[in-house]
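Read the figures in this text as sums done on the coordinates, not as results from a lab. All of these numbers come straight from a predicted model, not from anything done at the bench. All Cβ positions, glycine included, derive from the backbone under ideal geometry; neighbour counts span all protein chains shown.
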Amino acid sequence: MTQQDRQNRQDHQDRRAQKIHQGPDHHHQDPYRLSAPRAVPAPFPGDGDGPDAVSRGDVLRTLLWAVVVLSAVANMALSFTGAATALHLASGVVTVLAAGTLVVRGLRGRR
């Protein structure tokens, strides 16, 4: 084990021991947390403005994913049934537009 490995292991153990001593009520920044930490609970459950409220962006992203999946499945079904080329193209255009919108929103969200 190298000196750097020993130091990293010791740092990890020190941080872990510090968390145990601070208790569960201690607020800390977790670099691996996927969601934003809760600031305060909502004053009334179901109020719609609390930290657990679903944003318009979340709803739009869910709807776009549903459109991508449904239009791709529709395109596949049209292929198996031997439907007209115009239907294939329409389904493909819907899939590409929805997927492109998801990509653009994802890239803009990283800024």
Nearest-0.05 FRET efficiency for residue 77 and residue 99, computed from C-beta distance (R0 25 Å): 0.85
Rounded to whole Hz and in sequence order, give me ³J(HN,Hα) for the stretch 3-9 from the Karplus expression 6.51 cos²θ - 1.76 cosθ + 1.60, θ = phi - 60°, writing x for Gly and Pro. 4, 5, 4, 5, 5, 4, 5
Over all distinct Cα pairs, what is the inverse of the mean 1/r for the stretch 62-102, reported as the Kirkwood hydrodynamic radius in Å? 10.0 Å
What does the extension gain come out to for residue 10 and residue 90, with contour length at 0.36 nm per residue minus their alpha carbon separation? 22.8 nm
Quick calc: nm separation of the 7 Å Cα→Cβ label points for residue 107 and residue 3 -> 4.6 nm
